[in-house]
1. Using the number of other C-beta atoms within 10 angstrom as an exposure proxy, rank Phe264, Phe84, Phe239 with the fewest first.
2. With charges set only on the Cβ (+1 for Lys and Arg, -1 for Asp and Glu), what does the dipole of the chain come to about its Cα centre, in debye to the nearest 20?
3. With r as the distance between the Cβ atoms of Ile305 and Thr213 and R0 = 30 Å, compute the FRET efficiency 1/(1 + (r/R0)^6) and round to 0.05.
4. GluC sites (Glu not before Pro) within the stretch 1-58: which are DSSP loop residues with at most 12 other Cβ atoms inside 10 Å?
5. Once fully extended, how much extra length lies between Arg221 and Ile160, figured as 0.36 nm per residue of separation less the alpha-carbon to alpha-carbon distance?
6. Go ahead and collect, in residue order, the members of the stretch 70-102 whose backbone nitrogen is under 15 Å from a label point 7 Å along the Cα-Cβ direction of Arg44.
7. How high is the relative contact order of the stretch 1-104? Use alpha-carbon pairs under 8 Å, at least six apart in sequence, and give a whole percent.
8. Measuring from label point to label point, each 7 Å out along Cα→Cβ, what is the Glu113 to Asp52 span in nm?
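Just so it is clear, none of the values below were taken in a lab; they were calculated from the coordinates. Source: prediction; values computed, not measured. Here Cβ is always computed from backbone atoms with ideal geometry, including for glycine, and neighbour counts include all displayed protein chains.
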Amino acid sequence: MKSIRVFCPATIANISCGFDVLGVALDTVGDEMVIHKVAKKGIRITKLVGQDLPLETEKNVAGVAGMALLEASGYEGGFEIEIFKNIKAGSGIGSSAASSTGAVWAMNQLLDEPFPTSKLVEFAMEGEQLASGVAHADNVAPALFGGFTLVRSYNPLDIIPINSPSELYATIIHPQIEVKTSDSRKILKTNISLKDGIKQWGNVGGLIAGLFTEDYDLIGRSLVDHIVEPIRSILIPGFNEVKTKSMEAGALGCGISGSGPSIFAFSKGESIAQEVALAMSRVYQNIQIDYDVHVSKINTQGIKILN
Ligand code: ADP
């Protein structure tokens with residue numbers, strides 16, 4: 001095999017209570033990439049369609065993550081990368097992670113899979129370091145493993161795949177305002193109180209238990225963030241109203257996707273998720289902010305080969 005075309009899923013990171021440790025992959029929202037294995041050494045990005053992003057290998061997350069894999073692989077040749085972006089950069093649904101994971105996953109396939117998925121996460125994290133200044137894994141892990149993932153530990157890296165309940169759907173709305181990941185990290189406090197910690201890890205445990213036992217009420221009760229959302233939501237106009245209207249429409253829970261400005265909600269069943277999409281959309285229509293809205297099943301496979 002010399003070339004491969006892949007679907008690179010969008011991802012929701014943090015999932016309310018799990019800042020920097022929880023993430024989930026989406027099924028109907030994502031980029032495409034075509035990767036060619038070539039004799040010429042190094043990595044070149046030969047095409048980038050849909051977004052205005054750098055083509056230079058060292059400035060594009062696909063190039064940086066790909067170089068990390070290439071150097072570790074000992075392969076003497078190189079790769080050419082074509083990127084077809086559907087996910088807007090800085091939207092909070094893992095635009096950078098889609099490119100870095102797509103690159104390393106496809107290259108690993110073209111080299112006959114020398115690396116396990118956990119190692120691909122490490123390579124892809126180098127792309128996240130470039131995008132946001134922090135090598136976080138909560139977007140790249142679900143894109144590579146599929147479904148929900150928990151980063152139990154960063155040092156050493158320990159990724160735990162979590163069950164995805166079969167009737168769980170995500171609704172995501174992206175208001176067209178810019179919130180840079182680096183800015184939304186800067187406003188966070190570096191200390192939390194023990195009182196908030198207790199509430200937060202209670203919810204992380206509850207959410208994981210709810211996902212494994214497919215207990216939708218428990219999932220809903222656990223989708224609460226006492227630490228990051230109260231601060232970050234200030235950067236997202238309409239957030240509180242979107243949340244209220246989503247819950248009224250039947251969502252199990254609603255929160256900020258990644259570092260925002262996208263907002264996600266989980267629902268049991270597609271029809272409720274569609275109702276939630278309407279309710280969210282009305283909020284932004286009323287305050288006259290343009291938006292994109294998506295409803296997606298959970299993607300349990302992660303990156304997929306396209307023909
Ligand atoms: P998201 O949360 O959607 O991933 P980030 O703000 O984390 O958005 O990442 C976007 C940043 O990464 C932008 O500064 C963008 O220029 C940079 N970047 C570099 N290469 C890519 C790429 N291939 N896809 C998306 N973003 C990229």
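1. Numbers: Phe264 30, Phe84 15, Phe239 21.
Lowest to highest Cβ neighbour count: Phe84, Phe239, Phe264.
2. Working: 26 positive and 33 negative charges, 57 e Å.
In total the dipole reaches around 280 debye.
3. On the way: r = 32 Å, r/R0 = 1.07.
After rounding to 0.05, the efficiency reads 0.40.
4. On the way: sites: Glu32, Glu56, Glu58; in loops: Glu56, Glu58.
Listed in order of number, the matching sites are Glu56, Glu58.
5. Values: separation 61, 0.36 × 61 = 21.96 nm, distance 2.19 nm.
Between Arg221 and Ile160, full extension yields 19.8 nm more.
6. 77-83
7. Working: 219 pairs, mean separation 36.4, N = 104.
Worked out over the stretch 1-104, it gives 35 percent.
8. 4.2
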